[in-house]
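Just passing along the structure, written as C-alpha cells.
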2 protein chains.
Amino acid sequence: MELDFVAGLLARIPPDPRLEVPPGDDAAVLRPTAGRRTVVTVDMLMEGVDFILGPDCPPRLVGRKALAVNLSDLAAMAARPEAAVVAVSLPHRHGDALGRGLLDGILELAAEHGVTLAGGDTNSWDGPLVISVTVIGSVPPGRAWRRDGAMPGDLLVVSGTCGGSLLARHLAVTPRCHEALAIAERFTVHAAIDVSDGLSLDVARLMQASGTAAVLDLTAIPIHPDAVVMAAQPGDGRSPLDHALADGEDFELVLALPPEEARRLVAEAPTMVGTPFTIIGEVVSGSGLAARAADGTVAPLEPRGYIHDFGA
Amino acid sequence: MELDFVAGLLARIPPDPRLEVPPGDDAAVLRPTAGRRTVVTVDMLMEGVDFILGPDCPPRLVGRKALAVNLSDLAAMAARPEAAVVAVSLPHRHGDALGRGLLDGILELAAEHGVTLAGGDTNSWDGPLVISVTVIGSVPPGRAWRRDGAMPGDLLVVSGTCGGSLLARHLAVTPRCHEALAIAERFTVHAAIDVSDGLSLDVARLMQASGTAAVLDLTAIPIHPDAVVMAAQPGDGRSPLDHALADGEDFELVLALPPEEARRLVAEAPTMVGTPFTIIGEVVSGSGLAARAADGTVAPLEPRGYIHDFGA
C-alpha cells in the first residue's frame, strides 16, 4: 500500500478560511489579512545530523521540531503564524510509519499555534529522512522585530532558561510564539533573535547586525537544570554557565529593549505569559561581547555555539 | 574556508522593494500587493533520484530546475512569481563548488521571472545533495486557475510539445509563467495543471479533480522531437506518442477552456506569447480517460506516467 505523506497530511487538516483553494491543487492560495506583511522562513532537518531516530527520538518529535524551529523564527520577528508547507524525503524502508509519525507531530504543534497546513511535496528514496518546513506568518507593517535595531543603553532580556538542551528538550521545542505576540502588543522592543546556536553566539549576531556591543552579566544568565545535570556528568569538563552560553537549541528569545521597558517586561511576564524573562546584560557602543563577572570585572567574551560548517 | 550558501545567495540578490526587512534576519518580511492572494508551493529535489550530478548535469542546472518546477506550479495557478526561499543540504565534499553552481542557476532563472530570493537555510552533511525551494506568488482573489473547474464541453489545450524530456531538457525546464499570466488576462480558463508526471496522468488528475472525463485525440497530441529520437533508440519499444503521453517532466500547461476560447487561444498564442498551443481533446461527463484514434474509434486510455512510490 502506498502512503502519500502530504495527501495524508492534508486530509487531516480541518478546512481553514485562510485558504481560498483547498489543499491538493498545484499550489496553495492563501488569503493574507489586509494590511499585514507576509513573513517567511524555512528550515531543513536531516536524519543523522539534526536527529538520530530511535526510542528517544520518535518521528513524532522530529515532525514537531521541524515545525517548531520555524515557529521560533517567527516568534523572533513577532510574527503571527499562519500557514506551513512541508517537503519530505522519506526512506523507502519504514517510510510509511515514519510519515505517520511526522504528521502527528506537525499537526499537534500546528494546532497549538493556529497554523494551517497548506501543501507539500512527498518524495521517497534510499537515503535518510530529510524534512523541510516553510512557515508563513504575518505582522503589521513596520512592526517586525529585526536584528539590527538594538541601541546603546538597551537592556538584553532572555526568556526561560538556557543550556543542556541536548539532554532532553532539543526535540520537544516550545517556540515562544505566544510570548512574542503578547510582548509585541505591550512593549517597545528594539531588536530580537531566537537562541538556536548558542546564547552567546546569537547575542553576538544580534549585536553585529545592530552595530553595537553587549556586556553580559555572567551572574544573571538563567541556567536550565539540564545544564547543571550535563555539567555534572563524568568527563564533561564544562560549567553549567558554559552550557547556558554555548549549547544552543534553547529556542528562547533574546530581546533588546529600553531599560524601563526591560524592567517592566521582567516584572510582568510571569503573570502575562507564564514565562519568566531575565535581564542578562546591556547594549553598549562598540563591537563584540564582554562579560561582567561576579566581582564586577569586565573581560572580552568569545561567542560560542554551533557554527555551521559548509566546507569546500 | 567556509561558504554559507544562503548568505552567498542573499549577497548576490539586488535590493527588492517587495522585502520590508533585508534578507538575513530570522525570517523574511514581504510586502504583499494589496488585494492579491498569496500562492505558495514547495518542491524538493534529491541527488540520485531527481538528478545525477555529472558532465550532463552541472549544479547550475539543478539549481535552475529546483526553482523551475515551482514556477511551473505557479504557472498552473496563473500566479505571478514574487519570492523564493531555498533550503539545501550540501555534501561536505565539493559542497562549496556545488553551492556556487546551484546559486548561479537559481539566480539566473529568478531574474528571468522577477523572483526575489527572500531567505533560506544552509546545511551540510555526508549525504547527497538535497534542495528544497518554496516559491511565493500572487494572484487576484478568485482568479487562481484550479484543477476542479473543468466542465463537459470544454476543450483541452496543451502548450508546446510533450515527450522525451529525459533526453535533454528535463533539467533545463522553461516554466510557462509568462504564457500563463498573458492567458489569464485575456481568456476564460476553467481549469489548469502542469505536466510534471506525464501528459495522460496529469490530464487524468485534472479530470478527477473536476469530476469529469476526457477524450484525448491521439492524432492531435503535439510530440516533441526528443520523443521521436528516444522511440528510435534500440530496445526502446515505445512509440513517440507513448513517450508524449507518459514521459512527464515536460512542464507544459494543460488548460480546459470553453470551445470558442480554446480555438481563439490556439490561434492567438503563437504571436501573443511565442508558444504554440494545441487542442488535444475534450472534456465530457463521466470519469477517466478515453482516446480517439485516427479512424475515429474511441477506447479507454490508461493514464500513464511517473507515479511516486511511498512504500511501507
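Check off (1) touching a helix residue (DSSP H, G or I) at 6+ places or on another chain (Cβ under 8 Å); (2) at the interface with another protein chain (Cβ under 8 Å from one of its Cβ atoms) for B:Ala66 and give me the number that stays unchecked.
(2)
I've got another one for you. Does B:Ile106 satisfy being assigned to a helix (DSSP H, G or I), more than 7 Å from chain A (Cβ to nearest Cβ), touching a residue at least 60 places away in the same chain (Cβ under 8 Å) and closer than 17 Å to B:Leu10 by Cβ?
Spelling it out, B:Ile106 is indeed assigned to a helix (DSSP H, G or I), more than 7 Å from chain A (Cβ to nearest Cβ), touching a residue at least 60 places away in the same chain (Cβ under 8 Å) and closer than 17 Å to B:Leu10 by Cβ.
Among the residues of the range A:40-47, are any more than 7 Å from chain B (Cβ to nearest Cβ) and under 30 Å from A:Ile193 (Cβ atoms)?
yes
For the subset of the range B:78-97 comprising residues that are touching a Phe, Trp or Tyr at 6+ places or on another chain (Cβ under 9 Å) and more than 8 Å from chain A (Cβ to nearest Cβ), which member is nearest to B:Leu67 (Cα to Cα)?
That would be B:Ala78.
How many of the residues in the range B:282-312 are modelled with pLDDT of 95 or more, on the phi < 0 side of the Ramachandran plot and part of a strand (DSSP E or B)?
Residues flagged as modelled with pLDDT of 95 or more, on the phi < 0 side of the Ramachandran plot and part of a strand (DSSP E or B) within the range B:282-312 amount to 10.
Pick out the one residue from B:Ser124, B:Ser138 that is among the hydroxyl-bearing types (Ser, Thr, Tyr), without any contact (Cβ under 8 Å) to a residue 60 or more places away in the chain and either more than 19 Å from B:Ala192 (Cα to Cα) or not in a loop (DSSP other than H, G, I, E, B) (or both).
Only one candidate qualifies: B:Ser124.
Could you tell me whether B:Ser132 is within 20 Å of B:Leu10 (Cα to Cα), in contact with a Gly (Cβ under 9 Å, 6 or more places away or on another chain) and either surrounded by fewer than 24 Cβ atoms within 10 Å (Cβ to Cβ) or at pLDDT 95 or above (or both)?
no
Quickly run through the range B:94-127 and pick out the residues that are within 15 Å of B:Pro81 (Cα to Cα) and touching a strand residue (DSSP E or B) at 6+ places or on another chain (Cβ under 7 Å).
Listed by number, the residues that qualify are B:Ile106, B:Ala110, B:His113, B:Gly114, B:Val115, B:Thr116, B:Leu117, B:Ala118.
Of all the residues that make up the range A:31-65, how many are surrounded by fewer than 24 Cβ atoms within 10 Å (Cβ to Cβ), over 30 Å from A:Leu166 (Cα atoms) and in contact (Cβ under 8 Å) with a residue 40 or more places away in the chain?
Of the residues in that region, 4 qualify.
Do we have A:Ala75 as assigned by TED's automatic domain parsing to the domain that holds A:Arg100, touching a Cys at 6+ places or on another chain (Cβ under 6 Å), under 30 Å from B:Arg36 (Cβ atoms) and modelled with pLDDT of 95 or more here?
Taking the combined requirement at face value, the residue satisfies it.
The values are calculated or read from the model by the stated rules, or taken from the named source; none is laboratory data. On a predicted model such as this, the values are computed, not experimentally measured, just so you know. All Cβ positions, even for glycine, are placed from backbone atoms using ideal geometry, and neighbour counts span all protein chains on display.
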